[in-house]
Amino acid sequence: MTQTHDPFTQPDPEKARRQRAHEALFRITERHATGEARARWTERRMPMPPHEAIARVCDLAAGSALPDEGAPAVDQGDLTAALTLVPWARAEFDQMEAGLLTMAKGRGMTWQELAFGLGLGTAQAARQRHERLVKRTDHEN
């Protein structure tokens, strides 16, 4: 069943952004996945996680990784695809960080200990960071 776009209804920008992100992930996986990621793609059409896809493009573009034999070189489309995935990967890391902070507090760690772990100077900075992460991740869900 083909969906047609009503030319008199504004497109949903969030839906379009999500669609671009998935297309970006598929593009990078199809063109540049290697090893286990290539096997998952070939066998189950399972794409790379966003942070791995971004890292792969960065490594290939910087020359710190070599492409598989016969694989295409990183091009502008790949770089754009990796940039498209940054907000998705950042959101995942924000959720993990907020979760780690919550679990650490639940296990009795002090804000000063958390600040040390995060490389922050004060307990207040760690508490404020946690508050910002919680607000941001709650907003994204």
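Here, each number is a calculation from the coordinates, and none is a lab measurement. Remember, predicted model here, so these are calculated numbers, not experimental data. As a convention, Cβ positions derive from the backbone with ideal geometry for all residues, glycine included, and neighbour counts pool all protein chains shown.
What dipole magnitude, in Debye to the nearest 20, does segment 33-103 give about its Cα centre under +1 on Lys/Arg Cβ and -1 on Asp/Glu Cβ? If you can, show how the numbers build up before the last one.
Values: 6 positive and 11 negative charges, 39 e Å.
So the dipole magnitude of segment 33-103 works out to roughly 180 debye.
Here are a few candidate values for Cα Rg over 2.2 N^0.38 Å: (i) 1.02; (ii) 1.18; (iii) 1.35. Which one was actually calculated from the structure I just gave you?
Label of the calculated value: (iii).
Quick one: dipole size for the chain, taken about the Cα centre, charges +1 on Lys/Arg Cβ and -1 on Asp/Glu Cβ, in debye to the nearest 20.
For the chain, the charge dipole is close to 440 debye.
Where in segment 63-118 are there GluC sites (Glu not before Pro) that are in a DSSP coil and have at most 16 other Cβ atoms within 10 angstrom of their Cβ?
Glu69
Work out how much length Val86 to Lys105 would gain on full extension: take 0.36 nm times their residue separation and subtract the Cα-Cα distance, in nm to one decimal.
The span from Val86 to Lys105 would gain 4.0 nm if fully extended.
Please list, in chain and number order, the residues 5+ apart from Met46 or on another chain whose amide H is under 5 Å from its amide H, with Hs placed from the backbone.
Trp41
Using the Karplus curve 6.51 cos²θ - 1.76 cosθ + 1.60 with θ = phi - 60°, what ³J(HN,Hα) values do you get for each residue of segment 40-54, in whole Hz, with x for Gly and Pro?
Working through the residues one at a time gives 4, 5, 5, 7, 10, 6, 8, x, 5, x, x, 5, 6, 5, 4 Hz.
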